[in-house]
Structures are given as structure tokens and as C-alpha cells.
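*Asks:* Before we start, here is the structure in question, set down as C-alpha cells.
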Amino acid sequence: MFDFLKIFGGGRSRLNSYLGIDIGTTSLKAVEVRRGKHLPQLVNYGFLEAGDYLGRSNSALQASNLKLFDQEVVNLLATVVREMKTKVKDVVASLSIFSAFVAPLNFPVMSSSEVEKTIAFQAKQYIPLPISEVHLEWVKVGEFENERGFREQQILLIAIPSENIERYRRVFKSAGLNLRELELESLSLIRALVGTDPTPSLIIDIGSRSTNIAFAENGQLTFNSQTDFAGASLTQALVSGLNINPRRAEELKREKGMIASGAEYELSTIMVPFLDVILNEVKKAQFNYENQFPQARKLERIILSGGGANLKGIEKYFERDFKIPVVKGAPFTRFEYPPILEPVIQELNPFFSVALGLGLKNFSSSS
């Protein structure tokens, strides 16, 4: 398992109460968790969006050029902590997939210590930065026999630029919070949506400006991809097609989705080409995954997450192409939470997948 705790010094300490914070491209999600009677207990949650992100294409908290917009994030962090009325300062936070370099590598079967010694030399071929400027993590995800009859092992490499790590540290410190751990968002997604379930799964996390495509088998990340085609593309299609403002377009997208009929049928048809672009990006990632991992088991399900998963009718639309079950993620089922939340759980589930996965981290035996 990847664990960037050592970046901050010392060994792992089990936190009994902490904040799981997911900084997305246009929003910030936070959950406060503590140890419950049977499951981790969700004490509180908060959700804030960057100001006017719908109206301005450049209004975002993060962009895929790895830039984190520090001051706005600090302001949102301070606001969400104040509004949650929490006294908890310890934080486990997510790193976006585009803040990392992720690559599958093949090695002859060897011991972990031998892989550790050689991984940096292999990494140089895939990382456009000096090795001294990144933090490397890796995990073995499988073995196979090559065409010559030799056993090889498949390694998933993750490299995080040290500059990004320091930026996260600085942002949380400025907000008066104690950043205890960082984790790649894909790992949080898998913990929240798959857990230890061995079913070969594809998670499609559709955010506002980015879609994360993560493959999991035996509850473990095996391959990762990302595209800048995401929910905002659908909103912009409605803005242009119906000549309406972005906020109204967002409302219509959430209310009608892909199942609009009658006079509103045009809503769905306008969004179809842009949803197909996301779908094709997922197919491209699947093609690359199957080529690089020919021994991988066949995918058995797709789990949708992120704000885009709340688009009505999207599950059936994706099922039509992939011919396997498509479901919306339900991370709240892994928590004890106040009954008052029950009426809104279905809507909240996709938005909080990463944050809730972070909230499980210190209560998971696999962490």
C-alpha cells in the first residue's frame, strides 16, 4: 500500500478523530470522522465550491498543469472548518491524480528489496523530472509469464513531485490545520467504493474539470488514467446549445440529465456528444490497461463517482456500451452517520467518495 506519511516524518500513528479533506478542481469536501461502535462514525461534513467557477473557465482550485491555487484553497479550508464548528485539526488529505506520475512497469521476479534498489533507474524513463525532485512509491500488482517463458512481475509506480507535497503542507499550515497524511485520490476511492472486494472493477470519478479512471482488482489499484473531459463539458454544451447562463445550465443538467423527454428532450441530445467523449476516454484507458496487463481478469462492474455520477440516466447510458453492470458508488454505507442525513445520502454519495475514503484510512486494517 502506498503511504506518504513518511514525507512528514516519523512512523504511522493511528488517529482516533480527524478530518478527511478532498481538494478537487473546483470544490473542497471535508468529513470529520471518529471511531464508532461498529464502523467509523461520520460526525460532520462540509462542502464548498470555488467562487463563480461556473461562469469563468479559469476559476478553479487546481488545474491539470499541477498548479494548486494556494490562497483560495486556504480561504476555503478556513471557511469549511469554521462552518463545521469542529475543533479537530489533524487532517488526512488527497492528492489529485494529475498531481502524480503513474506508470505500470515490468520487472523480472525479484525480492522487494531488489525492486527498491532498481526502481529509481526504471522511473527515470517515465518521469519528466529529476528523481531527486520526486517522492517514489510502488506496489506489486501481479505476475505473468512472458513469451520466452520467464516469470515477470508487474509494478505500479507512483511519483509525486516534492514541490507539490511542500505546497500542500504550506496550504494546510496556513489554514491552521495539521496535515498528517497525504494519499493519492484513487486509493481513497478504492477504499470507499470497493474495500476488500476482489471483484475486478473500474471506477469512473467524474468531477467538474477532470475525470479519474481507476482500475481495481482484489481491492487494490492496478492502473490509473485521467482526462480533462468532465462534468463542466456537459454544462458548457447546454450553455452554448440553449443560450442560457452557466448556473441555469447546471440546474437543468442535474434535474433532467439523460432522461429528459418531450419538449425537454433536446437537453439530452445536446449533452450526448460530450458524454460520449468521456465514455471514449474511458474505453481508451481500458484498452491500454488490457494491453499492459494481459493477464488481468475481465472487468465485472463499473462504479460511478464524482458530481457527474448524479447525472440522471448515466448508469444505463454507460451500460449500453460496456455491457457490464454500472452502479453509483455508495461510500456512506461504510460509516455510522446521523439518521437526519438519510434523505440526502443518495445525492451526497458521489460527491464525498474521496473524502470518505480518506475518512476510512485510519480505521482500515489494510491501511
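The values are calculated or read from the model by the stated rules, or taken from the named source; none is laboratory data. What you are looking at is a predicted structure, and each value in this text was computed from that prediction instead of being measured. Please note: Cβ atoms are built from the backbone with ideal geometry, for glycine as well, and neighbour counts cover all protein chains shown.
*Asks:* Taking the stretch 331-363, which residues are surrounded by 17 or more Cβ atoms within 10 Å (Cβ to Cβ) and not in a helix (DSSP H, G or I)?
*Replies:* Scanning the stretch 331-363 gives Phe335, Tyr337, Phe352.
This table checks each residue for (1) at pLDDT 90 or above; (2) part of a strand (DSSP E or B); (3) in contact with a helix residue (DSSP H, G or I) (Cβ under 8 Å, 6 or more places away or on another chain); (4) within 19 Å of Asn178 (Cα to Cα).
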residue	(1), (2), (3), (4)
Gly10	no, no, no, yes
Leu15	no, no, yes, yes
Ala30	yes, yes, yes, yes
Asn58	no, no, no, no
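*Asks:* Regarding Met271, is this residue part of a helix (DSSP H, G or I), buried (at least 19 other Cβ atoms within 10 Å of the Cβ), modelled with pLDDT under 90 and not basic (Lys, Arg)?
*Replies:* no
*Asks:* Considering Glu147, Glu183, Glu143, which residue is out of contact with any strand residue (DSSP E or B) (no Cβ under 9 Å at 6 or more places or on another chain) and either surrounded by 14 or more Cβ atoms within 10 Å (Cβ to Cβ) or charged (D, E, K, R) (or both)? Full working, then the answer.
*Replies:* On the way: Glu183 fails: out of contact with any strand residue (DSSP E or B) (no Cβ under 9 Å at 6 or more places or on another chain); Glu143 fails: out of contact with any strand residue (DSSP E or B) (no Cβ under 9 Å at 6 or more places or on another chain).
Sole residue among the options that is out of contact with any strand residue (DSSP E or B) (no Cβ under 9 Å at 6 or more places or on another chain) and either surrounded by 14 or more Cβ atoms within 10 Å (Cβ to Cβ) or charged (D, E, K, R) (or both): Glu147.
*Asks:* Something else: Is there any pair with a first residue in the stretch 270-296 that is under 22 Å from Gln236 (Cβ atoms) and a second that is outside any helix (DSSP H, G or I) whose Cβ atoms are under 6 Å apart and which are 6 or more apart or on different chains, and what are they?
*Replies:* Val277/Phe229; Ile278/Thr211; Ile278/Phe229; Glu281/Thr227; Glu281/Phe229; Val282/Ile204; Val282/Ile213
*Asks:* Quick check: anything in the stretch 335-347 under 18 Å from Leu189 (Cα atoms) and either in contact (Cβ under 8 Å) with a residue 24 or more places away in the chain or touching a Gly at 6+ places or on another chain (Cβ under 9 Å) (or both)?
*Replies:* yes
*Asks:* Another question, then. Could you please find all residues in the stretch 117-135 being surrounded by 12 or more Cβ atoms within 10 Å (Cβ to Cβ), free of Cβ contacts under 8 Å to residues at least 40 places away in the same chain and outside any loop (DSSP other than H, G, I, E, B)?
*Replies:* Within the stretch 117-135, Thr118, Ile119, Ala120, Gln122, Ala123, Ile131, Val134 qualify.
*Asks:* Could you run through the stretch 91-125 and say how many residues are within 22 Å of the chain's Cα centre (by Cα) and not aliphatic (A, V, I, L, M)?
*Replies:* 6
*Asks:* Could you go through the stretch 274-291 and let me know if any residue there is at pLDDT below 90 and either out of contact with any Ser or Thr (no Cβ under 8 Å at 6 or more places or on another chain) or surrounded by fewer than 18 Cβ atoms within 10 Å (Cβ to Cβ) (or both).
*Replies:* For the stretch 274-291, residues at pLDDT below 90 and either out of contact with any Ser or Thr (no Cβ under 8 Å at 6 or more places or on another chain) or surrounded by fewer than 18 Cβ atoms within 10 Å (Cβ to Cβ) (or both): present.
*Asks:* Now a separate question. Quick one: count up the residues across the stretch 298-314 that are out of contact with any Pro (no Cβ under 9 Å at 6 or more places or on another chain) and either basic (Lys, Arg) or in a helix (DSSP H, G or I) (or both). Write out each step before concluding.
*Replies:* Keep residues of the stretch 298-314 that are out of contact with any Pro (no Cβ under 9 Å at 6 or more places or on another chain), which gives 303, 311-314.
Still in the list and also either basic (Lys, Arg) or in a helix (DSSP H, G or I) (or both): 312, 314.
Residues flagged as out of contact with any Pro (no Cβ under 9 Å at 6 or more places or on another chain) and either basic (Lys, Arg) or in a helix (DSSP H, G or I) (or both) within the stretch 298-314 amount to 2.
*Asks:* Look at Ala230 and say whether it is over 16 Å from Glu315 (Cα atoms) and of a type in the set (Gly, Ala, Ser).
*Replies:* Considered against the rule, which asks whether it is over 16 Å from Glu315 (Cα atoms) and of a type in the set (Gly, Ala, Ser), Ala230 comes out as no.
*Asks:* Out of the stretch 102-116, which residues are within 20 Å of Gln292 (Cβ to Cβ) and surrounded by fewer than 18 Cβ atoms within 10 Å (Cβ to Cβ)?
*Replies:* Going residue by residue through the stretch 102-116, those that are within 20 Å of Gln292 (Cβ to Cβ) are 102-110, 115.
Those that are within 20 Å of Gln292 (Cβ to Cβ) and surrounded by fewer than 18 Cβ atoms within 10 Å (Cβ to Cβ): Asn106, Phe107, Pro108, Val109, Met110.
*Asks:* Let me ask another. List the strands (runs of 3 or more DSSP E) inside the stretch 168-235, counting only whole elements, that have at least 1 residues being touching a helix residue (DSSP H, G or I) at 6+ places or on another chain (Cβ under 6 Å) and over 25 Å from Asn362 (Cβ atoms).
*Replies:* 201-206, 211-217, 220-227
*Asks:* If you check Ala232, Ala309, which single one turns out to be under 23 Å from Ile324 (Cβ atoms) and within 20 Å of the chain's Cα centre (by Cα)? I'd like the intermediate steps shown before the answer.
*Replies:* Numbers: Ala232 fails: under 23 Å from Ile324 (Cβ atoms).
That would be Ala309, the only listed residue that is under 23 Å from Ile324 (Cβ atoms) and within 20 Å of the chain's Cα centre (by Cα).
*Asks:* Take Gly36 and decide whether it is modelled with pLDDT of 85 or more and either small (Gly, Ala, Ser) or part of a loop (DSSP other than H, G, I, E, B) (or both).
*Replies:* yes
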